[in-house]
Amino acid sequence: MATTAMTAALNRAGRPGRQRKVWLLLLCLIAVTAGAAWWSQHRKATVDAGASHIEWVTPVFRNVTSNVNATGTVKLKIGAEVRVGAQLSGIVQRLNVTVGSHVKQGDIIAEIDSRPVKAKIDQALSQLAQAEVSAVKADRDFERSRKLFEAGLIPEQQFEDSKAALNAANASVTATQSGVTTAQVDLAYVNIRAPISGTVASIATQQGETVAASFATPTFVTIIQEAALEVIAMVDEADIGNVRRGDKIEFTTETYPDHEFHGSVTRIAPVATVISGVVNYEVAISIERDIALLRPDMTANVNIRTSEHRALMLPSKCVHKDGGQDFIYVHRPGDYGVKRIVSVANRLANETEIVRGLSADEKVALETGGTTK
């Protein structure tokens, strides 16, 4: 009886220890299971995150141009600026243009007071009339002398004198006729006309002023011919060997930085221009359109297309550099990519030309934030 009671007591005393062990084993099992689940999910998320940052792209063929950049200035072509002057002296009675006026060939720019010229014409006409009267009288005298000489009534000397008087009278008529013609020509110079179509750039003589036409013709206005602009670019000696006549160009100006003008190379200076020790060659460029937007002496940023070829292009982010070598990651089934050394040429803003080490049907890794193996 006593033994049985002692055993029951011992059993009751040992039961809490076994319960603690059971609880500890359960807690360890739960912790291991949770850790394994976390590790599995973390690894899967890491793999998925790495894979989401790799994009496989295929290279493409594009037409790539080789360019020469230079700075230039918009200039007037030779002969595009004409200074219009006066052939006559006199008072400027009317000035019909202002700076910036557009004129057509033949338009009257200014008028000089015509009264002195008209007075000269009237005087010349009067002298012509007198000369013609004298010529008529001399002709009659000659005819009378001829008849008398033939009849033997006057000596030969008198007949010769009448003939000379007739010749002198006719010469006087011719001279006065020339004077009339000259005065009439001067009258045409009273109206000063535009020799070309263009824009008035400057005015040197104002209405009411007196001009004196002598050896140097006084300038009234300066006219710039429309659409007679070109760009003169200064190309460095290192680049001039690649520039040819006919090369296409694009350029922008400081005034219109977002507007692209087009043209072509028309001539290349045979002699260099040295500025501060730098050797440059002047390249003249014709302008194809939108000339009305341009003005002389505008600064132009010129891009000359010297050559064009077909090239295999990749996004520049696909190309990496290590120890002076360029390399890419080429797709291989079952892997993120295989590292391969390539040769590159032109590097544009967002693309790079691959000249060796890649074919057009291969895929290349484009990193967008992850890493490659």
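Structural remarks
- Local charge for Val74 was computed over the other residues whose Cβ lies under 13 Å away, with Lys and Arg +1 and Asp and Glu -1, and equals -1.
- Accessible surface of the range 298-368 [probe 1.4 Å, protein heavy atoms]: carbon and sulfur percent: 45 percent
- Estimated FRET transfer efficiency (Thr255, Gln123; beta-carbon r; R0 56 Å; 0.05): 0.45
- When the trypsin sites (Lys or Arg not before Pro) in the range 247-297 are filtered for DSSP coil states and for at most 10 other beta-carbon atoms within 10 Å of their beta-carbon, the remaining sites are Arg289.
- For the range 76-166, the fraction of 1.4 Å probe accessible surface lying on carbon and sulfur atoms is 50 percent.
- Cleavage-rule hits (chymotrypsin sites (Phe, Trp or Tyr not before Pro)) in the range 284-373: DSSP loop, at most 16 neighbouring Cβ within 10 angstrom: Tyr336
- Accessible surface ranking that places the most exposed of Asp322, Asp186 first, with a 1.4 angstrom probe: Asp322, Asp186
- Peptide packing for 281-287, 337-343 was compared via the average number of neighbouring C-beta atoms within 10 Å per residue; ordered from the highest value, the list is 281-287, 337-343.
- Site pair Asp113 and Lys147 shows an inter-label distance of 5.4 nm when each label is modelled 7 Å from Cα along Cα→Cβ.
- Full extension of the chain between Thr273 and Ala164 yields a length gain of 32.2 nm, computed as 0.36 nm times the residue separation minus the alpha carbon distance.
- Between Ser178 and Ser89, the modelled labels are 2.2 nm apart [label points 7 Å from Cα along Cα→Cβ].
- In range of the label at Arg193: residues from the range 101-131 whose backbone nitrogen is under 16 Å from the point 7 Å along Cα→Cβ: 103-112
- The range 266-373 - accessible surface per residue (Å², probe 1.4 Å): 58 Å²
- For the range 64-189, lysine pairs with C-alpha atoms less than 20 angstrom apart, excluding pairs fewer than eight positions apart on the same chain, total 4.
- The residue among Ile285, His262, Ile275 whose Cα reaches farthest toward the positive pole of the charge dipole of the range 252-296, with charges on the beta-carbon of Lys, Arg, Asp and Glu, is Ile275.
- Potential lengthening of the chain between Asp139 and Glu55 amounts to 18.9 nm, from the contour at 0.36 nm per residue minus the alpha-carbon distance.
- Here's the list of aspartates and glutamates a cross-link from Lys363 could span, going by alpha-carbon distance under 20 Å and ignoring same-chain residues fewer than 8 apart: Glu55, Asp326, Asp335, Glu351, Glu353.
The values are calculated or read from the model by the stated rules, or taken from the named source; none is laboratory data. Values in this document were obtained by computation on a predicted structure and should not be read as measured data. Positions of Cβ are backbone-derived with ideal geometry, glycine not excepted, and every protein chain shown enters the neighbour counts. SASA here: full protein model, heavy atoms, side chains in, ligands and nucleic acids out. Shrake-Rupley method; radii C 1.70, N 1.55, O 1.52, S 1.80 Å.
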